[in-house]
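For reference, the structure is listed below as structure tokens.
Quick note: the coordinates plus some simple rules give every number you see, no bench work behind them. Just so it is clear, the structure is predicted and the values come from calculations on it, not from any experiment. All Cβ positions, glycine included, derive from the backbone under ideal geometry; neighbour counts span all protein chains shown.
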Amino acid sequence: MAAASTGEAKFSYALVSAAPLQDTTATGIGIIFKAPDRSTIKTICQALDHTDTTAALYEAVMRVLDEALATGVGRPVIYVDDPQVVAQLNGEQPAPRELLATNLRTRAVMNQVGRTRVIAATASPRFSARRLAASARSGAPRQYGTRGRQLTLLPDDAAV
């Protein structure tokens with residue numbers, strides 16, 4: 001379930017978490033979009049069937065990046081409560097082989113959004129995005145994130 005946006009406010013940072021759901025093969029994701037004044041703009045709480053926690057975190061980060069692209073937010077900050085995923089997205093640690101393509105795609109969109117910062121949040125059951133993720137309900141898989149993402153390619157002679 002996703003809460004509707006309130007007004008035209010843009011988020012400046014997002015809290016992201018994933019939690020395995022009991023008695024199921026699903027993992028819940030929780031995303032909280034925050035305004036500069038720390039008010040909540042939007043939340044996403046969803047169960048992803050047949051998905052492990054790391055893959056679910058990558059999906060949640062992509063949703064934040066999609067929102068940044070759609071709303072024109074530049075320089076978003078994404079707080080993730082898994083230090084390994086943070087290190088992978090910041091290029092400090094290699095991604096698992098099965099998530100290498102997802103990692104590269106996510107990092108490419110981070111570059112497209114512009115100066116995206118991914119920061120480790122305290123891994124705690126009290127982290128608000130973790131509580132939101134744990135409250136997700138499993139059901140039929142939803143078709144979120146199935147649209148293609150177009151990356152802007154730079155010419156070979158472009159200065160980086």
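So which trypsin sites (Lys or Arg not before Pro) in the range 34-114 pass both tests, a DSSP loop state and at most 13 other Cβ atoms within 10 Å of the Cβ? The qualifying sites are R38.
Taking a Cβ cut-off of under 14 Å around R115, the surrounding Lys, Arg, Asp and Glu residues balance to a net charge of +3, with basic ones at +1 and acidic ones at -1. For the range 1-93, the list of GluC sites (Glu not before Pro) that fall in a loop by DSSP and count at most 13 other C-beta atoms within 10 angstrom reads E8, E92. Positive end of the dipole of the range 13-134 (Cβ unit charges, origin at the Cα centre): among G74, T51, S124, the Cα lying farthest that way belongs to G74. Near V118, the amide H atoms lying under 5 Å from its own belong to I78; only residues 5 or more places off or on other chains count, and H is placed 1.01 Å from N.
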